[in-house]
1. So residue 256 fits all but one of (1) at positive phi; (2) free of Cβ contacts under 8 Å to residues at least 12 places away in the same chain; what number is the exception?
2. Considering only residues that are of a type in the set (Asp, Glu) and within 30 Å of residue 84 (Cβ to Cβ), which ones fall in segment 122-152?
3. Would you check which residues across segment 418-442 are under 22 Å from residue 324 (Cβ atoms) and at pLDDT 90 or above and list them?
4. If residue 219 satisfies all but one of (1) surrounded by fewer than 22 Cβ atoms within 10 Å (Cβ to Cβ); (2) touching a strand residue (DSSP E or B) at 6+ places or on another chain (Cβ under 9 Å), what's the number of the condition it fails?
5. Among the strands (runs of 3 or more DSSP E) confined wholly to segment 439-507, which include 2 or more residues that are open to solvent by less than 20 Å² (accessible area, probe 1.4 Å)?
6. Within segment 222-253, which residues are touching a Lys or Arg at 6+ places or on another chain (Cβ under 8 Å), open to solvent by less than 10 Å² (accessible area, probe 1.4 Å) and part of a helix (DSSP H, G or I)?
7. What is the residue count in segment 281-300 for residues that are closer than 14 Å to residue 270 by Cα, among the charged types (D, E, K, R) and open to solvent by 50 Å² or more (accessible area, probe 1.4 Å)?
Amino acid sequence: MILSRQFLRMCRRMMFRPKIADSTGVEMTGASLLMRTLILRRLLRREVLAPDETNVGILLAPTAATVLANAALTIDRRVAVNLNYTASAELVNDCIAQAEVRHVLTSRRMLERLREKGPFDVAAELVFLEDLRQRVTIADKLIAAIQTWLLPVVLLERTLGLHRIQPDDLLTIIFTSGATGRPKGVMLTYGNVGSNIEAFNKIVRLTHRDVLVGILPIFHSFGYTTTMWTVLTLDPKGIYHFSPLEAKPIGKLCRDHGATILIATPTFLRNYLRRCEPEDFARLDTVIAGAEKLPVELSEAFQKRFGVRPVEGYGATELSPVVSTNIPPSRVQPGAPHKGVKDGTVGPPLPGVSVKVVDLDSGEDLGRNRSGMLLVAGPNVMKGYLKRPDLTAEVIRDGWYTTGDVAMIDDDGYIHITGRLARFSKIAGEMVPHIRVEEEIQKVLALDEEQLRLAVTGVPDPRRGERLVVLHTGLPQPPEEICRLLTQSGLPPLWIPSPDSFRQVPEIPVLGTGKLDIKQLKQLAQQLFQ
């Protein structure tokens, strides 16, 4: 699927249907979406961008304007670089430098919000979208109207030069979160993202009756692919809100527009569980969570309150991003190989995506029901890391991408994620999984997994290389009692933190995507246990 060409066809098909809306009150049909996109493209070409300018930054939260900006750049055959506005100015400018971005599309309101937390200077020329509105001419509107309503779509494609786009052409650069180091620019092609949308649609079966909630940041591949380009190329209506943390406005948005599909993270679902009303999600029939583990307790609590059970999926920025997902029974096609939901797994791989598990040391294929490194191959595997062929070669070998996640594939082909290599400590020569220790502490204390109350990480230890430490926001038992309970549970002694390895903190650090911030967690632990 060539996304820009498919976008034109979608708009023509949905000319009179509501297609895009957001919590600011903006609402567009397919026709108005296409016309505004064509006008913005003309303005950017005439007023802002040089002919040789390829990579263009976007610093915007999820709104209709963000969708327009991405669509306009794409139909102009530019590469949109959505920047992480939850990161520091230093990291944002690092991404700008890596991608050689000269202009960044943003809004004055967005910049005001960023600067409320402190100085936020961007090392590129800022283009405020609201200022561009004043430069729209009658000719711009007339030409865009003719292109929207009268020009055959094949001629429109040729007018825009979209017929020259190939599947391997670069579509976007998405920077990794920097949770484990310096952000890397992931180069995704039209073929990468297009194939992912097509495969996702084969199992979820999206229709024009669906309303997809867009609250995930577009700088993250999860939001970029599943809540933006899925809407821009297929039949569902997309509704957007600029912050996934604001439960009340999101609940109202879902209620007003009859949302049917919510794609989020467990962290965000916990927030909605506490603050949204059952009528807000009355029409939801599909809730898919990713980016972190989905606790069964959270799924059950969400189902009890809203009548729909969240299921878990899995992906990575480098994989465009979806690799696998469970599917609610209402979406499973009769006779399809997909068996629906299996709690505790992230589902089977999407059509066309291959997975295997290999030994952490030897690389030997382990087959089914054995735990090892998860590798993924398919059309969704990225083109590579921007200007880093060395790093690309480290993670892609013979077409297989090394995820860094430890997993097991069962007899039904469902993937069980058992840990992340970055979330292991090597203690006295043994690999100890942080996630497994977290789960055991939650179990022996009967903690409610709906809240992120603790995280395990490792700090240097002169005797055994590393030792486990536990950061928490408050626990019902003292560390000595927790260690005793862990011993009784049968956890290996090497996996049990010592009583002096517990520290209370105001909050557990998370990224703007809702995922645990591994880098900040480790830094905080090292400061506390110097």
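The values are calculated or read from the model by the stated rules, or taken from the named source; none is laboratory data. Values in this document were obtained by computation on a predicted structure and should not be read as measured data. All Cβ positions, glycine included, derive from the backbone under ideal geometry; neighbour counts span all protein chains shown. What goes into the accessible areas is simple: the full protein's heavy atoms, side chains included, and nothing from ligands, DNA or RNA. Shrake-Rupley method; radii C 1.70, N 1.55, O 1.52, S 1.80 Å.
1. Single failed check for residue 256: (1).
2. 125, 130, 131
3. If the condition is that a residue be under 22 Å from residue 324 (Cβ atoms) and at pLDDT 90 or above, then no residue fits.
4. Result: residue 219 passes all but (1).
5. In segment 439-507, 454-461, 465-472 are the strands (runs of 3 or more DSSP E) which contain 2 or more residues that are open to solvent by less than 20 Å² (accessible area, probe 1.4 Å).
6. 231, 247, 251
7. Number of matching residues: 3.
Residue by residue, here is whether (1) under 26 Å from residue 303 (Cα atoms); (2) open to solvent by 70 Å² or more (accessible area, probe 1.4 Å); (3) in contact (Cβ under 8 Å) with a residue 12 or more places away in the chain holds:
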| residue | (1), (2), (3) |
| --- | --- |
| 323 | yes, no, yes |
| 334 | yes, yes, no |
| 344 | yes, no, yes |
| 350 | yes, no, yes |
| 354 | no, no, yes |
| 364 | no, yes, no |
| 383 | no, yes, yes |
| 406 | no, no, yes |
